[in-house]
Amino acid sequence: MPARLADFVKAYDVRGLVPEQLDAGVARAIGAAFAQVVAIADGAPVVVIGHDMRPSSPDLAHAFAAGVTDAGIDAVVIGLASTDGLYYASGALDAPGAMFTASHNPAAYNGIKLCRAGARPIGQDSGLAEIRDLAQAFLDGAAEPVRAPVPGVLSQRDVLADYSTFLRSLVDLRGGRRLKVVVDAGNGMAGFTAPAVLGTAAGLEGLPLDVVPLYFELDGTFPNHEANPLEPDNLRDLQAAVVEHGADLGLAFDGDADRCFVVDERGGAVSPSAVTALIADREIAREVAAGTAPSDVRIVHNVITSLAVPELVAERGATPVRTRVGHSFIKGEMGAYGAVFGGEHSAHYYFRDFWFADTGMLAALHVLAALGEQERPLSALMAGYDRYAASGEVNSTVSDVPAALDRIRTYAGDLGAALDTLDGLTITAPEGGGWWFNVRPSNTEPLLRLNVEAVDSDVMARVRDDVLAIIRATS
């Protein structure tokens, strides 16, 4: 029975069990559909394809490549890569691309992240649904893939060195003080990219870094911990290693190394919103130094990023741009506004100078540069960017999502709080209340996701508990 692609082609990418959902036949069908919907339609003569370290990734990538070349489009396979390495190749080669990875998902999964030339995102509303439906028709026998009289050429290309050189050209670490940094690759693709970008313990090309590697061995079964640093348990080894080695900071990457999480010298996790504010500060300063008027510098953030981010951007005279959660929205707004930088609470960081795409490694370079350019420890440096107490995302399973949202609207109205609906419901306290929260429905499950931020932890806890009680009420 053919796979049901609608079960695992998500809003932004493909993510399914191997081989129950995603196998070589499915990958080849998706490759053929991608060639038709994207490469041929956009006039792109070549598609670039990368893959992570999961055992199934090479075969799936080559099956996808076969679907592409059948249609007469050349395929350049870059082999092992981080997702931002694939974005680099897509941007540098001006070619649409496919990255085989399930990011932070467990070992039983694999998936595909797709982009148009120049690393432009593809989501449900920008081609992914059409690719899914056409691939399903191929699998069902309801349609035949395009077969070119002359198939495309399959070639191999190593882009790691060029990727590394490009990133180091955007942030220069050589003038800063020497830092000791523990890097937890989680057995994911940062074990491949970090040595090239950051160097080994002896340093690379004079970089003032002593790198302590943790779980650099590429292993898609994730023998040490899941490659999802958003879960606190997966940071514990890094936090302990930072303290043990007397390091200045720690960096943790997810499985495909497009997200970066930061730990300070005390082993404390640094909020991704604080990292967003730090990088925004640096990018604004760089633009202004180059002669751009501050008001013409734009920084994108999503609705659940800390209020500290738009506050800092406005304090620097720049313009904050608020958008919905999700990389396609962030990238879309960055392109529309020409924003220099964008950040999300989930530790995705987007850069104009990286084709508006997200790259955890470039974010890491910014943090290293900011720390190395001054003498304070990271905890002191970040204190000015971490202004509020946050709940983190709290999920609730509810039987009737619309009814729960109606209860939240009533609660906000009774308080006289401000309400907006850009993404779910964002409720801001009346003047002097000192809090705000956002409630968003999941796209795929009967879940409501709550994020609360307040002036201090006591206010945050009170608002969080009050709102959770309303969300979880049974009547």
**Prompt:** Between Thr428, Val401, Val367, whose Cα lies farthest towards the positive end of the dipole of region 362-431 when Lys and Arg beta carbons carry +1 and Asp and Glu beta carbons carry -1, centred on the Cα centre?
**Reply:** Val367
**Message:** Using a 1.4 angstrom probe on the protein heavy atoms only, could you order Thr193, Thr410 from most to least accessible area?
**Reply:** Thr410, Thr193
**Message:** Given a 1.4 angstrom probe, what's the average accessible area per residue across region 362-434, in square angstrom?
**Reply:** 46 Å²
**Prompt:** So how do 303-312, 133-142, 248-257, 221-230 stack up, highest first, on mean other-Cβ count within 10 Å?
**Reply:** 248-257, 303-312, 221-230, 133-142
**Prompt:** What accessible area, in Å² to the nearest ten, does a 1.4 Å probe give for Glu445?
**Reply:** 100 Å²
**Fill in**
Ordering Leu154, Leu60 by the accessible surface of their heavy atoms, 1.4 Å probe, largest first, yields Leu154, Leu60
**Complete:** Once all protein chains are kept in place, Asp219 shows an accessible area at probe 1.4 Å, nearest 10 Å², of 50 Å²
**Message:** Starting from the 7 Å offset along Cα-to-Cβ, what nm value, one decimal, do you get for the label separation of Asp7 and Val455?
**Reply:** 5.2 nm
**Complete:** As straight-line cross-link partners of Lys331, the qualifying lysines (C-alpha separation under 29 Å, not fewer than 8 residues apart within one chain) are Lys10, Lys113
**Message:** Modelling each spin label as a point 7 Å along the Cα-to-Cβ direction, I'd like the Arg177/Asp140 distance in nm, to one decimal.
**Reply:** 6.4 nm
**Request:** Place a +1 charge on the Cβ of each Lys and Arg in region 166-289 and a -1 charge on the Cβ of each Asp and Glu, then give the dipole magnitude about the Cα centre in debye, rounded to the nearest 20.
**Result:** 520 debye
**Message:** Could you work out what % of the accessible surface of the chain is carbon and sulfur, using a 1.4 angstrom probe and leaving DNA, RNA and ligands out of the count?
**Reply:** 51 percent
**Asked** How much length is gained if the chain between Ala383 and Asp233 is pulled fully straight, taking 0.36 nm per residue apart and subtracting their Cα-Cα distance, in nm to one decimal?
**Response** 51.7 nm
**Complete:** Mean accessible area per residue over region 1-126 (1.4 angstrom probe, all protein chains present, square angstrom) is 31 Å²
**Prompt:** What nm value, rounded to one decimal, do you get for the distance between Asp465 and Ala129 when each label is placed 7 Å out toward the C-beta?
**Reply:** 4.3 nm
**Message:** Not counting ligands, DNA or RNA, and with a 1.4 Å probe, what is Met99's accessible surface area in Å² rounded to the nearest 10?
**Reply:** 0 Å²
**Request:** Rank by packing, highest mean first: peptides 370-378, 394-402, with packing defined as the count of other Cβ atoms within 10 Å averaged across residues.
**Result:** 370-378, 394-402
**Item:** For region 305-346, size of Cβ-based charge dipole, Lys and Arg +1, Asp and Glu -1, in debye
**Value:** 120 debye
**Prompt:** How long is the gain from Tyr337 to Glu20 if the chain were fully straight, where each residue apart is worth 0.36 nm and the alpha carbon distance is subtracted?
**Reply:** 109.9 nm
**Prompt:** To the nearest 20 debye, what is the magnitude of the charge dipole of the chain about its Cα centre, counting +1 on the Cβ of each Lys and Arg and -1 on the Cβ of each Asp and Glu?
**Reply:** 440 debye
**Asked** Put +1 on the Cβ of every Lys and Arg and -1 on every Asp and Glu Cβ in the chain; which of Ala3, Ile122, Asn224 then has its Cα farthest towards the positive end of the dipole?
**Response** Ile122
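The values are calculated or read from the model by the stated rules, or taken from the named source; none is laboratory data. All values derive from a computational prediction rather than experimental measurement. No Cβ is skipped: glycine too gets one built from the backbone with ideal geometry, and neighbour counts run over all protein chains shown. Heads up: the accessible areas ignore ligands, DNA and RNA and are worked out on the full protein's heavy atoms, side chains in. Shrake-Rupley method; radii C 1.70, N 1.55, O 1.52, S 1.80 Å.
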